[in-house]
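Undergrad: Here it is: the structure, laid out below.
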Amino acid sequence: MSNTRIASTYAKSLIDIAQEQGKLEAVVGDVRLFVDAIGNRDLLMMIKSPIINADKKRSVFKAIFEGKVDNVTLMFFDLIIKKSRESALPEMGEQFLTQYKSIKNITTANVTSATTLDAEQIAKIKSQITSLGLATGEIELEEKVDPEIIGGFILEVEGKLYDASVKNKLANLKKGILDNTNIKSL
């Protein structure tokens, strides 16, 4: 069974348990904390290492997360390690968050701009996403600043890309000029 399939199955189980116990929002926070924590290369390597035994991994998880996460989450980590599935934990975290967003009807949109966007600009972008029918529920906007796009923005929603950057407009203008020059020189 592939890691993605394993991750999806275990993520669904964690969501089900968290919902049954009325702790879904707490567990979502815990999973986000875990996903941030595995940004630490040493922790990620420890999780993925076949050399480090399960007892050592369980004690590391306990030391890092006990008192910081709900017992449901801590017991989930413990179970995954006992079943020797810890190498799929990073994918489980991502799958969990994806499934949670689907349940809550949350659409993630990525916006890249030349400078940091203010609250009014963010509200306009979210409004446009909704009016274009790209999202029906809550919109989670992930921002990135890239001065190389010069101005404007690049928006990605549900696999659709809208490039309204000055860099893109200049590239299209240059291409148009070159295309017209080539036609006239024939």
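Undergrad: Can you give me the Kirkwood hydrodynamic radius for the range 1-83, using every pair of distinct Cα atoms, in Å to one decimal?
TA: Radius from the Kirkwood sum: 13.4 Å.
Undergrad: Find which of VAL31, ASN71, ILE149 sits farthest along the positive direction of the dipole of the chain, computed with +1 on the beta-carbon of Lys and Arg, -1 on that of Asp and Glu, about the Cα centre.
TA: ILE149
Undergrad: Run the numbers on the chain and let me know its relative contact order in percent, using alpha-carbon pairs under 8 Å that are six or more apart.
TA: 21
Undergrad: Classify the range 67-140 as rounded, prolate or oblate from the Cα gyration tensor: take a ≥ b ≥ c as the square roots of its eigenvalues, call it rounded if a/c is under 1.5, otherwise prolate when a/b beats b/c and oblate if not.
TA: Cα axes put the range 67-140 in the prolate bin.
Undergrad: Carbon and sulfur atoms: what percent of the 1.4 Å accessible area of the range 39-186 do they account for?
TA: After summing per-atom areas, the C and S share lands at 54 percent.
Undergrad: Also, quick follow-up: Based on alpha-carbon positions alone, could you give the equivalent ellipsoid semi-axes of the chain from the gyration tensor, as √(5λ), descending, whole Å?
TA: Output for the chain: semi-axes of 43, 20, 15 Å.
Undergrad: How big is the antiparallel share of DSSP beta bridges in the range 62-186, given as a percent to the nearest 5?
TA: Of the beta bridges lying entirely in the range 62-186, close to 60 percent run antiparallel.
Undergrad: With n ≥ 4 as the cut-off for DSSP H runs, can you work out [θ] at 222 nm for the chain, using -39500 (n - 2.57) per run divided by the number of residues, rounded to the nearest 500?
TA: Result for the chain: -19500 deg cm²/dmol, rounded to the nearest 500.
Undergrad: Skip the ligands, DNA and RNA, and give the accessible area per residue of the chain with a 1.4 Å probe, whole Å².
TA: About 62 Å² of surface per residue is accessible.
Undergrad: Past the 23 Å Cα-Cα mark, which pairs from LYS56/LYS101; LYS124/LYS144; LYS62/LYS104; LYS104/LYS160?
TA: Listed pairs above 23 Å: LYS56/LYS101; LYS62/LYS104.
Undergrad: How far is the Cα center of the range 64-138 from the Cα center of the range 20-60, in Å?
TA: 16
Undergrad: Which listed residue (TYR10, SER87, LEU161) has the Cα farthest towards the positive end of the charge dipole for the chain, taking +1 on Lys and Arg C-beta and -1 on Asp and Glu C-beta about the Cα centre?
TA: It is SER87.
Undergrad: How big is the dipole moment of the chain about its Cα centre under a simple scheme where the beta carbon of each Lys and Arg is +1, that of each Asp and Glu is -1, and everything else is neutral? Debye, nearest 20, please.
TA: Once rounded to the nearest 20, the dipole reads 540 debye.
The values are calculated or read from the model by the stated rules, or taken from the named source; none is laboratory data. All figures in this text were calculated on a predicted structure; none of them were measured in a lab. Counting neighbours? That spans all protein chains shown, and the Cβs are built from the backbone with ideal geometry, glycine included. Just so you know, the surface numbers come from the protein's heavy atoms only, side chains and all, with ligands and any DNA or RNA stripped out. Shrake-Rupley method; radii C 1.70, N 1.55, O 1.52, S 1.80 Å.
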